[in-house]
Each structure stands twice: as C-alpha cells, then as structure tokens.
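Some notes on the structure that comes next.
Computed from the coordinates by the stated procedures, all read-outs in this text should not be read as laboratory data. Model, not experiment: these values are computed from the prediction. Neighbour counts run over all protein chains shown; Cβ positions are idealised from the backbone, glycine included.
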Amino acid sequence: MSEEKKQQTHANFYAQTETEVVQALGTSTEGLTTSEVEKRLATYGANELEEGKKKSLAQKFFEQFKDLMILVLLVAAVISAVVSHEIVDAAIILAVVIINAVMGIIQESKAEEAIEALRDMSTPDANVLRDGHAKKVKSTELVPGDIVLLEAGDVVPADMRLIEVSSLKIEEAALTGESVPVEKELVVLEGNEVGIGDRINMAFSNSNVTYGRGKGVVVNTGMATEVGKIAGMLAEADETETPLKNNLNQLGKFLTAAIIVIAVVMFFVGTVLNDRNWADMLLTSISLAVAAIPEGLPAIVTIILALGTQVMAKRNAVIRKLPAVETLGSTDIICSDKTGTLTLNQMTVEKLYTNDRQYSSSQHIPGDNLALKIMNFANDTKIGQNGELIGDPTETALVAFGNDQGFNVTEKVKGEPRVAELPFDSDRKLMSTIHKMDDGRYLVAVKGAPDVLIGRCNQIQIFDEVKTLTNEEEQKIATNNKDMAKQALRVLGMAFKYVDAVPEQLESEIVENDLIFAGLVGMIDPERSEAADAVRVAKDAGIRPIMITGDHRDTAEAIAGRLGIIKPGDDAAVLTGAELNQMSDEEFAKKVTNYSVYARVSPEHKVRIVKAWQQEGKVVAMTGDGVNDAPALKQADIGVGMGITGTEVSKGASDMVLADDNFATIVVAVEEGRKVFSNIQKAVQYLLAANLGEVLTLFIATMLNWDTLLPIHLLWINLVTDTFPAIALGMEPAEKDLMAHKPRGRNSNLFSGGVFSSIIYQGILEAATVLFVYWSAIQWPVHTGYDAIHSDALTMAFATLGLMQLFHAFNVKSVHQSLFKVGPFKNRAFNWAILLSFFLMMVIIIVPGLNDIFRVAHLDLYQWGIVVGSSFAIIPIVEIVKLIQRKMGKA
C-alpha cells in the first residue's frame, strides 16, 4: 500500500466540506479522465475484497493428515513394512489413508465452487462521471476520486463522501445492523470518532439506496472500505472446534492408548510366559494393532459427511466445511434473523381502513377508492422493464397492493401526471405530490404518519360523501390505527384535497393543510408460510428457536407470536438491545434462558447472545447476512450465512450458506445432520464391534497359545467386510422418530446412546463365536494331519469372522430398534455392499491360487454349514438383547 493510499484510507472525510474532499482527492465534480483512472487503478488496485491466500493443492492434501487416527495408521503402515516386511498390508493401509485425503480435498473444492457461484450471482455496476460524461462501469473499476451517481435501487459500490443529495435514503443494515434506511444530509460532522451509523454525509460500500438520488466522490475502495477493514480482521479469526472433530480425536487417543497397552501385554505374555520367539510375538502384536485400528473409519466418516452435503445442497443448504454437517445434528439453539429468514423480507399490505370500515388485503377494493389512489400517487416507486418494483420497501408494498387490486399506477399517472412534489422528510413525516386533472384542477395526494396527518385534516371522505371530521370520526380512526399497531403493522395515513392551481410556494403549511382524510393502510413483513411449521418441528426436536431483529419490540413480539416462537403476548420473553446493554455479561448469562426474542439489537449483541448460550453448554447455530455479523458467525458452533442477501464477508465466515435464505432450510439441515451423526454412530458401532472381536480373538488365542488369524486376514476383513457395509450404513434413511428426540448435547460423543455398551457385548460375541468355531474345527476335524487340521480351523475362523461381520451389519441399522421395524432391505446401496463384500470374501477362499496367497483352504459343505450357522446366529442373539433393552426402558 502506497503512502498516498494510507493517508486516504485514514482521512476523516466526514469532517471536511464537499469542496475540501474533492480537492484532497485531486478530482472535480465532472469526474476523472480515463487516463487518470488507469493510473489510479495501478496505484490502488481493483475495487474488490481480497479473497485471502488460497491453499495450494499440496497444502490441502497434507492438511488431511493432521488427524490423530491418520497418524496412527501411518505408523502402523511403516511398522508393517519395515519390521514385519508385510508390504501388501502397508500398501493397503496407505491406500485407505490416501483415499481419505482425496475425498477431503474434493469436498473442500466443491464447497469453494458453490460459494464462488453464490458470489458471482450479482456484480453491481456503477454510474460514474468520466471525461465529463455519465457512463456505466463495473464496480471493480472504481478508483478514489471517481464521481458516482446514486438512485433508488442501486448498490453503493464503494465508500463515498456525498456531495449532492435529494431525499436520499440508504439502508446500511449489512454494516450497522440498523434495519431502517438512513436519511443522508450534506453536513460537516465534528470529531474524530464519529460512528459509522452516524456518518450521515457518507455512503458505504455494499449498502443499498432505497429512496431519492445523490452524487458522491469515492474516497476508499476494496480492502480500504469499511467492509474491507472488517474482512481483513475476520481473516485472523480462530476456528471453533466441532463436536465431530473432538469425538474423532478422543477416539484416536483412546484407540492409541488401548493398542499400546494390549500390544505390550501380548508381547510380554508371549515372550515371558509362553516362551515364544520375540520376532513372532512382535509380528503378532502388529497383527493386533492392525486389528484394533479401524483403517477405513476416517475415509468412511468423510464419505458419510460428503453424502450428507450432497443431500443438503439439493435442499438449498451449501456446506462449506464437512464437520459442520454433523455439528448441525447436535444443535440446541437456532438464533435466526427475522427479516428474510423467518419473514419474506418484503413489506406487504395486510389491512386497509377506508369508507368507515376495515378491509383485509384479500378483499376487493374498488379502483376509484381515494385511499388506493393516494397510496400509489404519493409514491416514488419505479417500475423496471420486467415489471420489478424499485424503491423504498414501504412504497413498493403500496404499489404491489394496488397492482393486486387492479390499480395500474403507470396508466393512471399518465392521465393525471405529477407536476410538483414535497419529498418526505423525517421532521414533518409527510410526503405530498400534486397531479393535474382532466377538469383543470389539481389533486394534492398526501401520505404519512397517521398522528401527524390527522392533525392536518378537517374533513373525511366516506364513499362519495365528504363530511366534516368530527371527534367521533377521529376516535374511529384512532381506534383502527391502534388495532393495526397492536398487530405489529406499520400504519400510514392517506389524505387529499383539490386546488385550482399549483401553489407558488411549495411549503408544507400551504400544501399539507385543510386535507380530506381518505384512509389508513397497515403493512408488515409477513412470516414465510413454511416458517411456522419449521419452528414447530424444531421445538418438537427439543431445539429452541431464538429470533433476533433490529425491528421494534412490538413488531418482533407479534411476528414471534405468529410463528410460535413465543406465546402471543408473552412480553417477558422479549429483550431489547437497550435492555441488554444495561446487563453485565454475568447477569445476562444467568437470564439468557428467559428470552426467545431480541428486538432493536445490533450485530454486536449477537456475539453476547451466542456466548451466553454456549456457557449454558448449548450448541448454537447463528444466522447472519451483514458484515458486522461475521464475528457472531465465527463464534457460533454453526455459522449460517445468507446466499441471497448475505455479504461476501458473512458468507466467508459461515460454516453453511442458505441458498434460499430460509429458516425452514436450517431445520432441514439439522434433521440431515442428525441423520448423518446417527449413521456415523452406526458405522462406528459396526467397525469397532468388529475390530474388538478381532482383537479379543487374537488376544485370547495368544493367551491360549493358538495360531488363529494372520495380519493379511485381518487387513482383508477390515478392508472388504468393514469398508463397503460401513459406507452403505452412511446412506441409511433417517429413522422415523429422529426429530422426536432432544438434541444429544455438547458433551455427548460417538459412543453415547447405548453405542458403547453395544460395541462391547457385540465384540465379545463375535470373538467368542470365532474362537468356538476354531476350537470345534480342532476338536472335530474333517481332515487328518496337523497342517490340514490347522489350515481348516484357520480358514473356518477367517470365514466365520468375515461372514459374521456382514450379518452383524444388519443389526446396527438401529441401536435399539428391531431390524424388522427399520426394514432389513430398504437401503439398496447397503444390499449391494453386502453382496459385494460377500463375493470378495468367498472368492479368496474358493478361487484356486488366491487361497494360496491368503493361506486359506477349501471347505466342504459340513464345514460351511458350521461357518454360516455360527455367523448368522449373531442376528437373533442381538435381536433378543435389543428386545430386553426396550422392555427395560433403556432404548
């Protein structure tokens, strides 16, 4: 960054006059020349946020090896290759590890592509003065000193000091959190620490012009803008560890410790007590390490998570980080913005009071109704080529209502054109337009705050009759105004009068007095039709929805009541930002469970809300779309960005991006997250029960001085009979009562919910069955001779262990529910996985040549009968245990 650029970045342009700013930037009100723009582009660079240093393919690849489980596998591979010279074993372990790394890279790349696609959805253009002429350019081509023209509907393309304004209002919620548009003024502000929200003579990048027109000189671009500063700080933020990462790390540590202890015990028993050769015992210990490590678990978890992201993407939830899929499943609290997420982000007319009665928006209003006419005439909404309405959300709502009622404002204004106006300002709270009529008179159309407007009226129109505005009539108007306000509707009043000529002096006291009252209109940003159902589903699942908004307390309370977040009228469940400011962090942490709605809050409050709930031990999801939401998104366990209205900074800080900005999509994602965790648990239960069976088989056999399974047998079983069924278990459909349970909690892990006890007894069962088959083959041999008997026993043990694990895969479709209730063959992928694994198990026993490589023998029908019968027995035994558990209420 040049010294010149540093000075511009830190200059307080809001404290200078328009002339001083223009001179300081070396420009003029006619704009820069093309040659000067090229020079400044070379100095300042493009007007865009830096994406941050992208990781190289090699960096992404090696990052996949930071996991403890992966490191354990790599050590086992090295020992297998160097000490025992089992090159095939080492190669297979390395292949599994590399597959896992590749899967992680592919998913990370897919997430980046999805975010890029969202980023490219809209790149705003800018209207600038160049070489003395107005022209449209890409916002990325702006430089300090450019003169930019603004009008309603524009996105402000850079930070600017305003030099001309005409009723200019800019919505800066993305930066300040204030949902009400800011009215801009040409004033010089004093002081060096004026807050962004108070800089009313500035326009900031990524904010939206909702009303009026203006002109500004660009003072900062790219990373030097207010948005860019926050983006820069955000790049330094730390990541929050996810429950899944913690779970897998804990599992890795546990397995590492267990492997070391058991291997040392086995080596000691074999060499000291059984007087076996130390090299043979080292090989046996390595075999046990191979048996104990679920080589495919990291890859399987990655694949299950990746499958979950694909399902979510189809349902408008783009996952940026794989572990976020599972973390969603443990969510206790969903803190959601109101506007656009729980509501449509579209002001809509709900009520109209006119002709002494109140109408709902669904009722027909006659086209000659004066209230309908005035709300459309005293209105600065522009209609685009495709019919889109551009302007202040309140005014576009009025035009949309007129369209629904058959009132074509474009045609009507052609017949009665606007000839003069008094723009809205916040002091008098009124707006007026004057229209020439066919009979030569002029219609004065006025809309504004009801309490102000009624004070300017002395008559009222009811149908075709104009009457004196009596106290009784005023009371009726006040009652209807209050009734609408109680429903959290934003109320505007309409009035009019006829004059013979346009007043020479367009002043409020002349134009906006002696009016005829026409009606009241009530508007609201309505809740999404699916949001109430989503809130109900979330509550049934034990998840607490929290609504956060910058709107007024009454509006927030009404919408929350309509959605079912709180009981209608439950004022105690609502907290305002001002009230929150009066609480210390300690006091708020004690009271946080009392509140479900936060009104008039700023994005900074969101971090406090997240931390308070996290201190309660809750897993918190937080939505956000503004730049200042980024810290809260980072702090939350799951940061949820908005794909449509969200800023690039908020998307970059999030773990998940909603392509449709819809609260219901969060609940869908939570359900998918629960399913993913449940399926990961099934895979863990399946793999660790199988590996425990292998470890116990090898350990007990060593204690008994038996030679049972070789390292190549264990590795083949782990690769073939473990991997394919475990991956297929990740594709199991959600169990019917999945969203009927409470969240599992931050302290739960992969072994919770009965998984650990199931692993233990099922592993013991597998080991006992394999040892029994091996023993029976020795006791009642089919062939004679030590080598033949031993070969048959080893083959039968190998086949029993492999087939029993395939049968056991059916058991783990549910931890507690009966296999026949969840459906044994519903999952096609699972069915094919079992068949494929069965084929690969059989082929190395049956096919000549392969059985020699794997050192197994052919079996006759009698032996196969023992193998299959013993293997299948695990299904009815586990079904009986599950039945007992359900009867005892432990399910």
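Can you tell me the FRET efficiency between Asp131 and Asp483 if r is taken as the Cβ-Cβ distance and R0 is 41 Å, rounded to the nearest 0.05?
0.10
Per residue, what volume in Å³ does the convex hull of the Cα atoms of region 344-397 enclose?
106 Å³
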*Using a cut-off of 18 Å between alpha-carbon atoms, which aspartates and glutamates can reach Lys414, once sequence neighbours fewer than 8 places away in the same chain are excluded?*
Asp368, Asp380, Asp438, Asp439
*Apply the Karplus parameterisation 6.51 cos²θ - 1.76 cosθ + 1.60, with θ equal to phi minus 60°, to every residue of region 473-480 and state each ³J(HN,Hα) to the nearest whole Hz, in sequence, with x for glycine and proline.*
5, 4, 5, 4, 4, 4, 5, 5
*What is the set of long-range amide H partners of Leu430 at a cut-off below 5 Å, with H atoms built 1.01 Å from backbone N?*
Asp425
*Please give the length that would be gained between Asn274 and Lys429 if that part of the chain were fully extended, namely 0.36 nm times their separation in residues minus their C-alpha to C-alpha distance (nm, one decimal).*
46.2 nm
_Using a Förster distance of 56 Å, the FRET efficiency for Leu189-Asp540 (Cβ separation, nearest 0.05)_ = 0.60
_For a quick check: sort Ser432, Ser166, Ser35 by the number of other beta carbons within 10 angstrom, fewest at the front._
Ser35, Ser166, Ser432
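Give me the mean projected area, in nm² to one decimal, of the convex hull enclosing the Cα positions of region 496-601.
Numbers: hull surface 44.6 nm².
Average projection, Cα convex hull of region 496-601: 11.1 nm².
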_Could you list Phe463, Phe724, Phe756 so that the one with the fewest beta carbons within 10 Å of its beta carbon is first and the one with the most is last?_
Phe463, Phe756, Phe724
*Which of Phe807, Phe268, Phe204 comes first, and how do the rest follow, when ranked by fewest Cβ neighbours within 10 Å?*
Phe268, Phe807, Phe204
*Compute the signed sum of charges (Lys and Arg +1, Asp and Glu -1) over the other residues within less than 11 Å, Cβ to Cβ, of Ala518.*
+3
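With a ≥ b ≥ c the root eigenvalues of the C-alpha gyration tensor of region 348-524, is it rounded (a/c under 1.5), prolate (a/b larger than b/c) or oblate?
Since a/c stays below 1.5, the shape of region 348-524 is classed as rounded.
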*List, in the order given, every pair from Lys314/Lys736; Lys136/Lys169; Lys651/Lys736; Lys618/Lys742; Lys138/Lys215; Lys382/Lys476 whose Cα-Cα distance in the structure shown is over 24 Å.*
Lys651/Lys736; Lys382/Lys476
_Whichever lysines have a C-alpha closer than 19 Å to that of Lys253, once near sequence neighbours (fewer than 8 apart) are set aside_ = Lys66, Lys245
*What is the Cα radius of gyration of region 418-470 over 2.2 N^0.38 Å, N being its residue count?*
1.29
_Using Stokes-Einstein with the Kirkwood hydrodynamic radius over Cα pairs, what translational diffusion coefficient do you get for the chain at 37 °C and a viscosity of 0.692 mPa s, in µm²/s rounded to a whole number?_
102 µm²/s
*Which three extents, in whole angstrom, do the alpha-carbon atoms of region 321-410 cover along their principal axes, largest first?*
59, 34, 17
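For region 700-845, what is the convex hull volume of its Cα atoms per residue in Å³?
Taking the convex hull of the Cα positions in region 700-845, it is 138 Å³ per residue.
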*Mind jotting down the distance between the C-alpha centroids of region 449-471 and region 384-411, whole Å?*
26 Å
_Computed lengthening from Leu850 to Ala91, 0.36 nm per intervening residue step minus Cα-Cα distance_ = 271.4 nm
*Degrees separating the helix 755-779 axis from the principal Cα axis of the chain, which is the longest one*: 20 degrees
